Structures are given as structure tokens and as C-alpha cells.
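Take a look at the structure below.
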Amino acid sequence: MTLLDYDQIFINQKAKLIELTNEYAIRDIDGNDVGIIKQEGQSKVKKLARFVSSLDQFMTHSLSVYQADGSKVLEVTRPRKIMKSTIQIADGTGSPLGTIRQKNMIGKINFSLHDATDQQIGEIRAENWRAWNFSIVDAAGQEVARITKTWEGLAKTMFTTADNYVLDVKPECRGTLRWLVFASAVSVDLALKQDARGFG
């Protein structure tokens, strides 16, 4: 069973008092570790800049998704941005799969999903203006997955930026859309929360 075969996973950002390198554990519904997401390609200068400033949105961020056996399955890259985010998605070998593009900055934040030929194959739709919960739909507007954010408790979230995300995917979601759906749980985090915990 590969990582993308799971219909429900939990993505847990490892708690840090000061977030300089993002790292997430991926668990199945029984709490077993089935993968990990690591931020890669950060220089010491970049880490210092993140520590002393709020320049995250002007930096390129790259995350790699690994299965439990250490094989890479996804690469998620958000180039530096001024306003809206565009997330580039590739498979474990670096072959492009598509992009996730932020459509708006005000109100309920939505993203469009595009395959490698630039055809739109779905959308991520925030269910409220705070952009905590998302519905993912296909090109016909039918829901194929959901992203839900859960809190670990008031005391912990007051002192860290660690978050949990639950991704539920319908079994009929297959092909490129399933790859982009899986990448969406981390892409939303990169696009929104990475910018001073902001929304856009």
C-alpha cells in the first residue's frame, strides 16, 4: 500500500517554539506513522532571515513528502510571492504533476487545481473566511475530498505554531486529481499559514 492509497490521513506539524524548518508527520487512522513531510533547501542565511524577520512570503519554500520506507512521493514548492500563492507540485522524481493557485485574498479563500497541461481539474474551497476547513471538488463541482484543521489544545497552540490537518479522500478520486488532493493539505498550509499566520 502506497501513501497515496490511504483515504484518510492525519498530517501533524511537529511543534516548535520558533518555526524555522517545517516538518510534518503523516499518520493513518490508527495513529501509525506512514510518512513524513520535510522542508528542504534552506540555507543558514534563510533560517536566520526567518528568525529575525517576517519575510516568509518573499521566500521560496519547498517540501518533500516521503513514505515510511524513505521513498519520495511528492515535491511541493511555493515560489516567492507578493500577493497570491502558486504552488508547484511534482512527483518523487521531479516530474511536474500540476499547480495549485490561490484565486482570491479576501473572503473565503479558494484555490484552483491545474494538471501539467494547465487544464483546471478541480478547486479547493474554504468553508469560512478564516480558511480553516476546505472542500475539494472536481471539475464538475462534485466533492472528492475534505481538509479539516483540528487544535491540540489552547495551552499548546498559544506557545507553538503546530497544527493538525485531517485529509479525507473519496475512493473514487484517482489519477492526477488524487495527487493534487494529497498535496493540497500541505499546500494550503504553505499558501496561508506560512505568511505570518495570515490569510493571503
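Here, each number is a calculation from the coordinates, and none is a lab measurement. Predicted model only: the values in this text are computed from it and were never measured. Ideal geometry is used to build each Cβ from the backbone, glycine not excepted, and the neighbour counts take in all protein chains shown.
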Neighbourhood net charge (14 Å Cβ-Cβ; Lys/Arg +1, Asp/Glu -1) for T2: -2
Candidate aspartates and glutamates for bridging to K149, where Cα separation is under 13 Å - those fewer than 8 sequence places away on the same chain excluded: E127, D163, D168, D189
